[in-house]
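The structure under discussion appears below in the form of structure tokens.
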Amino acid sequence: MAPPSTEILVLGGTGFVGRALVARWARDGVPLRVLARQPEVARTVLPPGVEVFGGEATDGAALDRALDGISMVYYLIHSMGPRPPRVGFREADARVATSVVAAARRARVDRIVYLGGLGDDAREASSHLASRREVGRILRSGPAAVTQLRAGIVIGPGGSSFEMMVQLVERLPMMICPLWIDRRCQPIALGDLVEYLVGCGRDQRTRGGSFDVGGPDVLRYSEMLIRIGRQLHRPPCLVILPRFTPALSAHWVGYITDVSPDLARPVIEGMYVDAVCRDDRIRSLLPIPQTGFDRAAAEALAERGRHSPVPALRGGHLVRPLEGRIFRLLRLGTGV
Ligand SMILES: NC(=O)c1ccc[n+]([C@@H]2O[C@H](COP(=O)([O-])OP(=O)(O)OC[C@H]3O[C@@H](n4cnc5c(N)ncnc54)[C@H](OP(=O)(O)O)[C@@H]3O)[C@@H](O)[C@H]2O)c1
């Protein structure tokens, strides 16, 4: 177990996963630091007592200040977003990771805990997943012991993939869907993921290891959409059309939901491979209770509803007899 005085820096502490992790450590009274690009905004969303340092993770001087006296870093940064970096998100991700490794070396950081993506080792991994893999490789090239967790879709209020699915269900009674909708995923509840991240930070046996984390259910994205729809009393009718490119999907998602096409595209490309745990070694080290998809989604929808109530039921009465049904218009290829 790490001593309670361990100083922790969270990179990406203002993000979806980062905020939940910071709140969880803060509840235990553990001293915590966050490096944020907009420190004044960060202070309004993070619990009181969290030390906020301003700066970009590519800025060596900012990192040196934030890393002073730190022994463990959580790396929860990625560069995908509504305003993609000029150099492209892969290059931006690699620059951030390289800069963090150099600064961690200077500060003699003992450990880095990194959250990557399930499916990053698939032969046909998307550039998003390849970038996650590359970041892991760069982090491991430094002297700090790196613990890597790989997760598929994280179920929680405000997660970009989860939000994308919920808004599709809320807004469309019938969806023409691309192939990724039939891929398999092992979603994990945000709360469970946070417990694994905290557990890895506390348990020295996870030093230097890579672990897959997921919930108890392996589901196709189509099943997740229908299950979310049942909870919202509007299971969609899905029509699967194989000839639907990621670019077309991203534009379509950008049109229908609040998720921008620039963020949707890499997320969707990542959905073209199965994101299922290869092993469950983490469970023998950290046997936390697992939350099933339906409960995780119900809790996330309830939390989300408190902030933005579900919009009024979209028309859709003509489609109502087809609700919850899946049609595959063409024979699908192997492995789908
Ligand atoms: N969400 C999921 O379903 C999911 C699934 C599997 C794995 N993951 C992994 O979990 C990690 C976190 O994902 P997330 O969903 O929490 O992402 P997110 O909500 O988009 O947050 C990304 C964070 O990175 C920060 N950031 C980006 N570039 C930065 C830079 N140059 N300098 C400093 N901070 C920077 C952002 O800061 P600002 O607030 O300043 O923008 C934000 O705090 C990622 O590694 C992702 O691959 C997520």
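Show me the helices (runs of 4 or more DSSP H) entirely contained within the range 168-273 in which 3 or more residues are at pLDDT 95 or above and under 16 Å from the mean Cα position of the chain (by Cα).
Filter on the range 168-273 gives 190-202.
Contact list please: Cβ distance under 6 Å, first residue in the range 209-225 and in contact (Cβ under 8 Å) with a residue 40 or more places away in the chain, second residue surrounded by fewer than 20 Cβ atoms within 10 Å (Cβ to Cβ) and among the aliphatic types (A, V, I, L, M), pairs at least six apart or on different chains.
As it stands, the answer is V218/V276; S222/I326, since those pairs meet every condition given.
Which one is farthest from the ligand (Cβ to nearest atom), of the residues in the range 5-60 that are more than 25 Å from A300 (Cα to Cα) and of a type in the set (S, T, Y)?
If we take residues in the range 5-60 being more than 25 Å from A300 (Cα to Cα) and of a type in the set (S, T, Y), then S5 is farthest from the ligand (Cβ to nearest atom).
State yes or no: is V100 in the same structural domain as M72 (by TED's automatic domain parsing), at pLDDT 95 or above and surrounded by 24 or more Cβ atoms within 10 Å (Cβ to Cβ)?
When the stated conditions are applied, V100 passes them.
In the range 37-51, which residues are touching a residue at least 12 places away in the same chain (Cβ under 8 Å) and more than 24 Å from E195 (Cβ to Cβ)? If you could, list the steps in order and put the result at the bottom.
Residues of the range 37-51 that are touching a residue at least 12 places away in the same chain (Cβ under 8 Å), as a first pass: 37-39, 41-42, 45-47, 49-51.
Once the filter is applied, which keeps residues that are touching a residue at least 12 places away in the same chain (Cβ under 8 Å) and more than 24 Å from E195 (Cβ to Cβ), the range 37-51 yields R37, Q38, P39, V41.
If you scan the range 25-42, which residues turn out to be outside any loop (DSSP other than H, G, I, E, B) and surrounded by 14 or more Cβ atoms within 10 Å (Cβ to Cβ)? Give the steps one after another, and end with the answer.
Going residue by residue through the range 25-42, those that are outside any loop (DSSP other than H, G, I, E, B) are 25-27, 32-36, 39-42.
Answer for the range 25-42, where residues must be outside any loop (DSSP other than H, G, I, E, B) and surrounded by 14 or more Cβ atoms within 10 Å (Cβ to Cβ): W25, A26, L32, R33, V34, L35, A36, P39, A42.
Assigned to a helix (DSSP H, G or I) and in contact with a strand residue (DSSP E or B) (Cβ under 9 Å, 6 or more places away or on another chain): is that true of G18 in this structure?
Considered against the rule, which asks whether it is assigned to a helix (DSSP H, G or I) and in contact with a strand residue (DSSP E or B) (Cβ under 9 Å, 6 or more places away or on another chain), G18 comes out as yes.
Across the range 161-182, what is the number of residues that are surrounded by 20 or more Cβ atoms within 10 Å (Cβ to Cβ) and either within 15 Å of the ligand (Cβ to nearest atom) or at positive phi (or both)?
Residues meeting the conditions: 6.
Which count do you get for residues in the range 237-256 that are among the β-branched types (V, I, T) and more than 23 Å from S127 (Cα to Cα)?
Residues flagged as among the β-branched types (V, I, T) and more than 23 Å from S127 (Cα to Cα) within the range 237-256 amount to 3.
Out of I70, I138, I155, which single residue is in contact with a strand residue (DSSP E or B) (Cβ under 6 Å, 6 or more places away or on another chain), more than 12 Å from the ligand (Cβ to nearest atom) and touching a residue at least 40 places away in the same chain (Cβ under 8 Å)?
Residue meeting the stated conditions: I70.
Scan the range 276-288 and report the pairs whose first residue is within 14 Å of Q148 (Cβ to Cβ) and whose second residue is of a type in the set (A, V, I, L, M, F, W, C) and part of a loop (DSSP other than H, G, I, E, B), with Cβ atoms within less than 8 Å and a gap of 6+ or a chain change.
C277/L118
Please work out if T6 is among the hydroxyl-bearing types (S, T, Y) and at pLDDT 95 or above.
Considered against the rule, which asks whether it is among the hydroxyl-bearing types (S, T, Y) and at pLDDT 95 or above, T6 comes out as no.
Would you pick out the residues in the range 207-226 that are surrounded by fewer than 18 Cβ atoms within 10 Å (Cβ to Cβ) and β-branched (V, I, T)?
Correct list: V218 only.
Tell me the residue from S79, S131, S127 that is surrounded by fewer than 19 Cβ atoms within 10 Å (Cβ to Cβ), outside the structural domain of R265 (by TED's automatic domain parsing) and of a type in the set (G, A, S), please.
Answer to the check: S127.
In this structure, is P84 within 13 Å of the ligand (Cβ to nearest atom), in contact (Cβ under 8 Å) with a residue 40 or more places away in the chain, over 21 Å from L197 (Cβ atoms) and outside the structural domain of V259 (by TED's automatic domain parsing)? Can you show your working first?
Values: within 13 Å of the ligand (Cβ to nearest atom): yes; in contact (Cβ under 8 Å) with a residue 40 or more places away in the chain: yes; over 21 Å from L197 (Cβ atoms): yes; outside the structural domain of V259 (by TED's automatic domain parsing): yes.
Yes: the conditions hold for P84.
Report the residue count in the range 103-122 for those that are closer than 23 Å to Q204 by Cα and over 17 Å from the mean Cα position of the chain (by Cα).
Residues in the range 103-122 being closer than 23 Å to Q204 by Cα and over 17 Å from the mean Cα position of the chain (by Cα): 10 in total.
The values are calculated or read from the model by the stated rules, or taken from the named source; none is laboratory data. Keep in mind it's a predicted model, so treat the numbers as computed, not measured. FYI the Cβ positions are ideal-geometry reconstructions off the backbone, even for glycines, and counts take in every protein chain you see.
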